[in-house]
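All remarks here apply to the structure that follows.
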Amino acid sequence: MRVVTTNCDSRVPLSTQLAMWWMYDNTGAEERDYFHVFELTAKEGCQEIFHYQEQPEWQETLISFTDEAVTEKVYIINDGDHETMLLAEDY
């Protein structure tokens with residue numbers, strides 16, 4: 001089951017949430033860590049998403065055009081039963 005916290009849902013546009021879920025699902029690492037980090041940066045009409053995991057070390061960046069760019073740090077945590085997307089400040 002996938003969950004997005006209320007705080008994350010209110011501050012991160014749906015299109016960006018969907019992009020992060022897509023990036024999470026398509027992680028190119030040989031093994032997926034339970035803890036994923038997404039650093040969102042608003043840059044001149046673009047949303048930059050820097051996505052990484054620590055074990056095993058892996059990273060990627062996605063840049064897309066949008067009028068709704070935000071600057072936030074977001075986590076996706078997999079506890080075995082749920083995959084939860086939340087803002088770093090809510091961790």
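Points to keep in mind about this one:
- If the segment from residue 14 to residue 52 were pulled out straight at 0.36 nm per residue, it would be longer than the present Cα-Cα gap by 11.7 nm.
- At most 13 other Cβ within 10 Å, DSSP loop - chymotrypsin sites (Phe, Trp or Tyr not before Pro), the range 1-80: 34
- Selection of trypsin sites (Lys or Arg not before Pro), the range 1-67, meeting DSSP coil and at most 13 other Cβ within 10 Å: none
- Excluding exposed DSSP-loop GluC sites (Glu not before Pro) (at most 14 other C-beta within 10 Å), longest clean stretch of the chain: 1-29
- For the chain, the share of accessible area belonging to carbon and sulfur comes to 47 percent (1.4 Å probe, ligands and nucleic acids excluded).
- Here the extension length gained between residue 60 and residue 35 equals 7.5 nm, from 0.36 nm per residue of separation less the Cα-Cα distance.
- Between residue 22 and residue 67, full extension at 0.36 nm per residue minus the direct alpha carbon distance yields a gain of 14.2 nm.
- Helical runs (DSSP H, four residues minimum) scored at -39500 (n - 2.57) apiece and divided by the length of the chain put the mean residue ellipticity at 222 nm at -5500 deg cm²/dmol.
- The mean accessible area for residues of the chain, using a 1.4 Å probe and ignoring ligands and nucleic acids, is 61 Å² per residue.
The values are calculated or read from the model by the stated rules, or taken from the named source; none is laboratory data. In this text the structure is predicted, and so the values were computed from the model without any measurement. So basically every Cβ, Gly included, is an ideal-geometry build from the backbone, and we count neighbours across all protein chains shown. Side chains included, ligands, DNA and RNA excluded: accessible areas come from the protein's heavy atoms. Shrake-Rupley method; radii C 1.70, N 1.55, O 1.52, S 1.80 Å.
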